Amino acid sequence: MDLMNSTQRIKEKARQLGFELVGIAPATPTPDYTHFLRWLDQGHAGTMAYLQRGTGKRGNLELILPGVRSIICCALNYYTGDSLTPNPSPDIIARYAWGEDYHEVMGKKMQQLETFIHQEIDPTAATKSYVDTGPILERAHAAQAGLGWIGKNSCLINNGLGSYIFLGEILTTLELDHDRPTYDQCGTCTKCLDSCPTGALVAPYQLDSRKCISYLTIEYRGDFDATQSKMVGDHLYGCDICQEVCPYNDRIPVTPLPEFQPRPALLQAKKVASESEFKELIKGSAMDRIKFSQWVRNQEALKKS
Ligand code: B12
């Protein structure tokens, strides 16, 4: 099979499906894997036990898909800009949760790409696709595929699209032409580290989740103590501060996807108090990651701030 030709056809199809970025990484362990292990040892994952569980697979993709050779890495822009109205504040609800659930929107596109591979490239190729929930280091593979670099805020940043991009991958047994990684373009800038109000970026590229507002408002299930409550401040769901201050997120294009446009209901998020209102608010969005009890907890922290 013509390696170059298959690679080009897959990339072309990905672009047709609306992915702004597509690149191919080798299915070898990423150099970042050792950082991941150290990060876990340091307790930076907090209570996210699922990260510990998938450790072996993250280091050896053969355990996920025997015979895996390539990772097709895709990115989808979710930035909707600030000039659109209605527009919730990224200080209260993180941008990634403004529109429809990206797991669904991007997941469907990834499946379409998988179908294309089976129907048009090689019916014998095995594939496995992920958006967010798989036991793989998505940012590290995307960086290896040349989609951007892992910035000091630990986000995958593209010079042109910035970091408001979702990542998705197809692991495949297909031999494809691999892309080259780009270089770290953060330079001497430390705006993300300096701006994080809780000091969660404990060093460049290293996020201690236990201090991260995104983790506290979404992943952390317990009650807040006084310190945590103060840390969360005005944020009801997620946090974008380390991205809002990033110079690579100035003058970036807005997504053409109607699915990612802000849901008007979010403008009233601060007032949502009953469980039925909450269920309505999170329906079909990535916000359904949290339970009503967490929402109440986050609201109470906001009242105190
Ligand atoms: C767990 C998780 C979280 C946790 C932990 C975040 C984190 N930084 O790890 C919490 C809940 C805090 C979180 C928050 C957010 N998340 Co999240 N999250 C994940 C998830 C499921 C796993 C990430 C992981 O493995 N972390 C492990 C640590 C070790 O990785 P890391 O911090 O990125 O560190 C890397 C490098 O910095 C480097 N490194 C680490 N230590 C060191 C040390 C040195 C010296 C060096 C040089 C390098 C280095 O190696 C690491 C491995 O690649 C991924 C999906 C996936 N399966 O990959 C989504 C993912 C990373 N999240 C995503 C998003 C959108 C967010 C938020 C923006 C949401 C929000 N607005 O609230 C924030 C961003 C916060 C931030 N600055 O990272 C996107 C990121 C897209 C992008 N452009 O980067 C992903 C890829 C989901 C997706 N499919 O789109 N998330």
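Summary table
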| quantity | calculated |
| --- | --- |
| Failed criterion for Ile64 (all others in (1) closer than 20 Å to Lys128 by Cβ; (2) within 13 Å of the ligand (Cβ to nearest atom); (3) under 20 Å from the mean Cα position of the chain (by Cα) hold) | (3) |
| Those residues of the range 197-212 which are open to solvent by less than 30 Å² (accessible area, probe 1.4 Å), out of contact with any strand residue (DSSP E or B) (no Cβ under 7 Å at 6 or more places or on another chain) and of a type outside the set (Gly, Ala, Ser), in sequence order | Thr198, Cys212 |
| Where Met106 falls short, out of the listed (1) near the ligand (Cβ under 10 Å from one of its atoms); (2) more than 28 Å from Glu244 (Cα to Cα); (3) not small (Gly, Ala, Ser) | (2) |
| Residue ID - surrounded by the most Cβ atoms within 10 Å (Cβ to Cβ), chosen from residues in the range 155-180 that are in contact with a Phe, Trp or Tyr (Cβ under 7 Å, 6 or more places away or on another chain) and within 21 Å of Lys57 (Cα to Cα) | Gly168 |
| Whichever residue in the range 24-61 is of a type outside the set (Asp, Glu), outside any helix (DSSP H, G or I) and within 19 Å of Asp179 (Cβ to Cβ) and, among such residues, is farthest from the ligand (Cβ to nearest atom) | Ile24 |
| Strands (runs of 3 or more DSSP E) enclosed by the range 100-207 - at least 2 residues per element that are hydrophobic (A, V, I, L, M, F, W, C) | 165-172, 201-203 |
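This table checks each residue for (1) open to solvent by 30 Å² or more (accessible area, probe 1.4 Å); (2) small (Gly, Ala, Ser); (3) touching a Cys at 6+ places or on another chain (Cβ under 7 Å).
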| position | (1), (2), (3) |
| --- | --- |
| Asp2 | yes, no, no |
| Lys11 | no, no, no |
| Arg15 | yes, no, no |
| Asp41 | yes, no, no |
| Ala45 | no, yes, no |
| Gly54 | no, yes, no |
| Gly67 | no, yes, no |
| Ser70 | no, yes, no |
| Cys74 | no, no, no |
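The values are calculated or read from the model by the stated rules, or taken from the named source; none is laboratory data. Keep in mind it's a predicted model, so treat the numbers as computed, not measured. Virtual Cβ from ideal backbone geometry, glycine too; neighbours counted across all protein chains shown. Ligands, DNA and RNA are excluded from the accessible area calculation, which covers all protein heavy atoms including side chains. Shrake-Rupley method; radii C 1.70, N 1.55, O 1.52, S 1.80 Å.
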